[in-house]
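Values in this text are rule-based calculations from the coordinates and carry no lab data. Keep in mind that what you see is a predicted model, and the values were worked out from it rather than measured. Positions of Cβ are backbone-derived with ideal geometry, glycine not excepted, and every protein chain shown enters the neighbour counts.
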Amino acid sequence: MSIWFNTSMSTDRDQGKGGSASCHHIFSLFTGPFQFTVARTNVLFLGDKRAGKTSLKRHLSESGFDPEETSTVGIERHYKKGSTTDESDSSQLRPIKLVEASSVRQKPVTTSIAGSRSRPVVLLINDEYGNCRDGVSTVHRQMASFLASKGAVVYSTTLGATTDDKDAATAEGVQLIYPTTFKGDNRKANLDWLTWDHKIRYPNLPSDVGFIVGHVNITSHAARQIKEHRFPGAKLVQVTHLMPEETSHYQGDEKVLKIGEESESILDDLRHADVIFSVGPLVYDYYTHQTKQLQVLHHEFLPKPSDIFSKMQVKYVNTKTKVVLSIGRVNGAESLKGYDIVAKAMSIVIEQLSNAIWRACGVSPADFPESKKIIQANVEKGKINFTPLMNNTQKELSEDMQRADVVLMPSRAEPFGLIGLEAIAAGIPVLVSNKSGLAWFLKRQEKEFDRLIVEITDDDHEAAETLAEHIIRILKDGRREFEAARRLKERLLSSKYWDESHNKFLEAFGL
C-alpha cells in the first residue's frame, strides 16, 4: 500500500482568498513495529495501488467515516503475526481519527539529537574509567553507569584501562573508546590526545552522538573541541569540580599567578555549554555566581556513595592500637590538603596515646622521601613516623578504611570531598574541615552531622590543637563514636539526598 502526503499544498482558502484556513493535524502511520508522527496540512490519500481510490473510500464509509473528509482521517495498518510485507493478505486496514496539532503537546524528539535511535547517545570525555581516590574519575564513572542504567547508549573515552576497569565498564553497560597508537611512537598518552589530537587518536567515534560530557578543568576543553569539530549538532554538558580561586592559594605562587588565566579558560568552556552540573553545594554556589551573565542551564549534582562503601560492614574492636587514616597526596599538596596540620596534630595525639598509628594513603614510592621531609618539618619536637600507602583503587581504600579508627579530611580548601562522604557512608568516624564543600553539604542535613565538622582556622597551631582534641576524643571513646557513625550512615543513606539532583541530570539527556 502507498500513501502520499502533500505537506506543501495550499488552496485559495489557505491564502486567505475565501473560506477559513485549513486545519493542521498530527497524522500517525503504523507500519509493522514502526510509528511515524507527521505534522502536516491537507494530507491527501491517493489510496492503494492495487485496489484504487474506490476501495479505500468504501472502506472508510463502512467504518463510519466520511470519505470526502480525507484531511481528518488517518490509516493504521496492522499486521497479523507472521506477516512481513505489504503484499500480505493477512494485513488489515483501520482508519483512525486525527487530532488537532494545537491540542497536542509534542515531546522533544530524542532522535533529532541522537541520530536514528530513540535512546540518547552520550559520549563522556575522560582520561580514565574507574573509581579511585580522584573524585573526578569517580563522578565520571557514576554518571556514565547511571545513564546506561536508564537506557542511554553510553561511550567513555580513556587513555588506558586496567582489566578491572574494562570489566566494570562491561558490567555497567558502558562502551570504552581507546586511543589509536602507532608503532615506534613511544610517547606516553596524555590529555593532549583528547584535546588537540582527537581526530588522529580517536578517529572512530560513534557517528550518532547527541550529547558530549566534559569535566572542568580536566577534559572540559577537549569536550568542547570534539563537539565543535566532530559533532556540531550535539549538546555539550560540562561538569564543574574545581575552583582555582579557592585551591590555588595553597599550591604555590606559580599557581596563584595563573588563577586569572585558568578561571577565564574555564569560563570560556562553560560559555559554550548547553548545561552545567556542579558537584556539591560549594562548587554550585561558586559557578552560579561565575556564570550569572551566561544563558546556560546550571544544576547541582550530588554524588551517591559508591556501593563498596555504603554496603561495607565495619566492626569496632577495643584495642590499645589505634589507626588514624589520612587520604590524599602529600608532596605538592601538603598545605592544600592540610598535611602540615595533621603532622602537628598527630604529634600531640601520640604524646597522649603512644599506640596511635598514622597511615597516609596516597603516597607513592617516588614521593615518599619528599613527603617524609615535609611531614617531619612540621613536627615541632621529636620524630613522628607514618606509614605510606599507595592505594589507588576503591577496593584497596575500602580495606584501609575498615582497619581505621578515624578518617581525616582536614583540607584548607576542598571543593567537595567525596572521600569524606564515602567514609561517612561506610560508617566510620570522620573529621571534616569546615572549609570543604562536604561541610556545606553536611550543614544542610540533620543537626547531628555537625559533630563531624572541625574548624580549621588560619592559625596553624590553633587548627592543629583543635584537630588533635577531636582525634583523641574519638580514639578514647571508640565504641560510642562507632555507634554514632553507624547512625549517621543510616540517616545519610535513608535520606536519598542524591535523588533530586540525579533526576535533573537524567532530564538533561531526555531520560
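General remarks:
- The range 308-495: C-alpha gyration tensor shape, a/c 1.5 cut-off, then a/b vs b/c: rounded
- Our summary gives the range 111-301 a relative contact order of 18 percent, counting only alpha carbon pairs under 8 angstrom and 6 or more residues apart.
- Cβ-placed point charges (K, R +1; D, E -1), dipole of the range 395-439 about Cα centre in debye, nearest 20: 180 debye
- Highest mean first, the peptides 321-334, 279-292, 402-415, 198-211 sorted by other C-beta atoms within 10 Å per residue fall in the order 402-415, 321-334, 279-292, 198-211.
- Using θ = phi - 60° and Karplus 6.51 cos²θ - 1.76 cosθ + 1.60, couplings along the range 272-284 (whole Hz; Gly, Pro as x): 9, 7, 8, 9, 10, 10, 10, 7, x, x, 5, 5, 4
- Around the amide H of Ala356, modelled in the peptide plane, lie the amide H atoms of Lys322, all under 5 Å away and 5 or more residues distant in sequence or on another chain.
- The string of couplings for the range 472-480 from the Karplus curve (6.51, -1.76, 1.60, θ = phi - 60°) is 4, 4, 5, 5, 7, 10, x, 4, 5 Hz, one whole number per residue in order, with x for Gly and Pro.
- In this structure the amide hydrogen of Thr457, modeled in the peptide plane, comes within under 5 Å of the amide hydrogens of Ala463, none closer than 5 places in sequence on its chain.
- Overall form of the range 218-353 per C-alpha gyration tensor (a/c, 1.5; a/b vs b/c): prolate
- Prolate/oblate/rounded call for the range 122-161, Cα gyration tensor, a/c under 1.5 rounded: oblate
- Distance between modelled label sites at Lys496 and Asp460, nm, 7 Å Cα→Cβ extension: 4.7 nm
- Long-range amide H partners of Thr240 with built H, under 5 Å: Val216, Phe277, Ser278, Val279
- For the range 285-302, the Karplus equation 6.51 cos²θ - 1.76 cosθ + 1.60, evaluated at θ = phi - 60°, returns couplings of 4, 4, 7, 4, 6, 5, 9, 5, 8, 8, 8, 9, 5, 9, 10, 8, 10, 10 Hz by residue, with Gly and Pro reported as x.
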